[in-house]
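Engineer: Structure provided below as structure tokens; questions to follow.
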Amino acid sequence: MRQREYLTDFEQLVMLAVLQMGEDAYGAPIRRALEEQADRAVSIATIYVSLGRLEERDLVRSWFAAPTKVRGGRSKRLYAVTEPGLAALERSRAHLEQMWEQARAAMSRGTP
């Protein structure tokens, strides 16, 4: 079965949040960014499922940070966008821009 090549809008939002956070990208701040910046209320489980799928496709990678006392000795699972992930985001952005340009041209011609 061929792996899908497109990103959903939610996957794009998650990946963009990961990029914004740099080395501190993990579940809770990703969720907060989606709520604050994208006006998307989502469960933490939904974010982790999406991150897992993105990692399976080599679009993000993850690793465990050192455990901290603040977290009761637990480690954070941190995420970063990979080179293939950046390329996929750029393709998605380019496709959307092209579609918007064509839609604007149609609207300016009076096409409903």
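The values are calculated or read from the model by the stated rules, or taken from the named source; none is laboratory data. Please read all numbers here as calculations on a predicted model, not as lab measurements. Positions of Cβ are backbone-derived with ideal geometry, glycine not excepted, and every protein chain shown enters the neighbour counts.
The rows are residues; the columns are (1) closer than 26 Å to ALA28 by Cβ; (2) in contact with a Cys (Cβ under 8 Å, 6 or more places away or on another chain); (3) basic (Lys, Arg); (4) at pLDDT below 90.
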position	(1), (2), (3), (4)
ALA65	yes, no, no, yes
THR68	yes, no, no, yes
SER75	yes, no, no, yes
ALA87	no, no, no, no
GLU90	no, no, no, no
ARG93	no, no, yes, no
GLN98	no, no, no, no
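Engineer: Quick check on my filter: what residues within region 1-55 are over 14 Å from GLY85 (Cα atoms) and surrounded by 19 or more Cβ atoms within 10 Å (Cβ to Cβ)?
Structural biologist: Scanning region 1-55 gives ALA25, TYR26, ILE30, ARG31, ALA33, LEU34, ILE47.
Engineer: Let me ask another. Looking at ARG109, ARG31, ARG104, ARG40, which is the one that is in contact with a Leu (Cβ under 7 Å, 6 or more places away or on another chain) and free of Cβ contacts under 8 Å to residues at least 40 places away in the same chain? Outline the logic, then answer.
Structural biologist: Details: ARG109 fails: in contact with a Leu (Cβ under 7 Å, 6 or more places away or on another chain); ARG31 fails: in contact with a Leu (Cβ under 7 Å, 6 or more places away or on another chain); ARG104 fails: in contact with a Leu (Cβ under 7 Å, 6 or more places away or on another chain).
ARG40 is the lone residue from the list that is in contact with a Leu (Cβ under 7 Å, 6 or more places away or on another chain) and free of Cβ contacts under 8 Å to residues at least 40 places away in the same chain.
Engineer: Also, I was wondering about something else. Being within 27 Å of SER50 (Cβ to Cβ) and over 21 Å from the mean Cα position of the chain (by Cα) narrows it down to one residue among ALA66, ALA88, ALA80; which is it?
Structural biologist: From the options ALA66, ALA88, ALA80, the qualifying one is ALA66.
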